[in-house]
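A.B. asks: Following this message is one structure expressed as structure tokens.
Bear in mind these aren't lab numbers, they're just calculated from the coordinates by the rules spelled out. Source: prediction; values computed, not measured. Cβ placement follows ideal geometry from the backbone for every residue including glycine, while neighbour counts extend to all protein chains displayed.
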Amino acid sequence: MTNAAAWAVRCARGTPARRAAAALGLALLGATAQAQGASRAAAPTDTAAAMALYRAAAAKFSDAKTIRATFEQTLISPVTPTPRQSRGVMMQRPPGRFAFRFTDPAGDAVVADGSALWVYVPSTAKGQVLKLPREVGGAFDVVARLLANPGDRTQVQVVPESDRVGGEAVTAFVLTPRAEGAPFQSAKVWIGADRLVRQLEVVEPGGLRRRLRFADMRLGVSLPKDAFVFTVPAGVRIIDQAALLGPGAPRRP
């Protein structure tokens, strides 16, 4: 067993959030962010205005019927510190349906179809697909998780220094969970003046550090009918949660 696989198994034997982090570590090892379109809009300069921006962004995402964006991702595993890169398209239909379909590595996909979470990564685990309970998908729905109930689930602090993402002025926020068992240890979110998330960075329970940069994010757009459908390729073996954790592993109460 490789060091990375051993780390994933250790995470899998913990809480549902740790199991999600393990699956994510296997599924989404990838991507250095690059610049998206520049904007002349200035970021808020005082804390009250910045927090108003955060709440407005949270409301905007909460009201969205659909979301689509391209993403570029960087992941650093605690057992393989060399950054890994990937990119692709993210689509969401809240609540409970989303898809990360990768163009690099091509063919990788993480899809929540409303009934189950499918993790398919032929780039690193050929011939198999991981099928997890739909509840685990919440840990993968990073934007919604970080913006949900601002100030309730997390402590939100404004980063006072000015910042830019892809040449655009943004406001950065540091998020800290208020309770144990959260699907992340710490997080940072960068929000543009248009109330859209430009970038986020999450440290997950297993130690995985993930940075996502979004481009061309659109809300309320039409999505393909099969956007949240995962079709198991011929010859691919399905591994369910019980098979992943093994007998005697902790179960959800």
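A.B. asks: Output ³J(HN,Hα) for the range 163-168: one whole-Hz value per residue in order, computed from phi by the Karplus curve 6.51 cos²θ - 1.76 cosθ + 1.60 with θ = phi - 60°, and x for Gly and Pro.
C.D. replies: These are the phi-based 3J(HN,Hα) values: 8, 9, 10, x, x, 9 Hz.
A.B. asks: At a 10 Å Cβ-Cβ cut-off, how would you order 231, 74, 154, 80, fewest neighbours first? Show your work: numbers first, answer last.
C.D. replies: Details: 231 10, 74 19, 154 23, 80 15.
Result, fewest neighbours first: 231, 80, 74, 154.
A.B. asks: Between residue 195 and residue 115, what is 0.36 nm times their sequence separation minus the Cα-Cα distance? Round to one decimal in nm. Don't jump to the answer; show the numbers that get you there.
C.D. replies: On the way: separation 80, 0.36 × 80 = 28.80 nm, distance 3.05 nm.
Fully extending the segment from residue 195 to residue 115 adds 25.8 nm.
A.B. asks: How do 225, 188 rank when sorted from fewest to most other Cβ atoms within 10 Å of their own Cβ?
C.D. replies: In increasing order of surrounding Cβ atoms, one gets 225, 188.
A.B. asks: Quick check: pseudo-label points 7 Å beyond the Cα along Cα→Cβ at residue 237 and residue 85, how many nm apart are they?
C.D. replies: In this crude spin-label approximation the distance works out to 3.3 nm.
A.B. asks: So how strong a dipole does the range 76-228 carry about its Cα centre when Lys and Arg Cβ are +1 and Asp and Glu Cβ are -1, to the nearest 20 debye?
C.D. replies: Values: 21 positive and 15 negative charges, 46 e Å.
In debye, rounded to 20, the range 76-228 gives about 220.
A.B. asks: Express in nm, to one decimal, how much length is gained between residue 60 and residue 222 on full extension, taking 0.36 nm for each residue of separation and deducting their alpha carbon distance. Please report the intermediate quantities before stating the final value.
C.D. replies: Values: separation 162, 0.36 × 162 = 58.32 nm, distance 1.72 nm.
So the chain would gain 56.6 nm between residue 60 and residue 222.
A.B. asks: Still on this structure, please answer the following. Extension gain residue 152-residue 49, at 0.36 nm per residue separation less the Cα-Cα distance, in nm? Each step should come with its number before you reach the end.
C.D. replies: Details: separation 103, 0.36 × 103 = 37.08 nm, distance 1.88 nm.
Full-extension gain reported as 35.2 nm.
A.B. asks: Holding the Cα-Cα limit at 28 Å, pick out from 131/225; 65/188; 60/225; 65/126; 60/126 the pairs that are longer than that.
C.D. replies: Values: 131/225 21 Å; 65/188 25 Å; 60/225 24 Å; 65/126 34 Å; 60/126 39 Å.
Going by Cα-Cα distance, 65/126; 60/126 fall outside the 28 Å limit.
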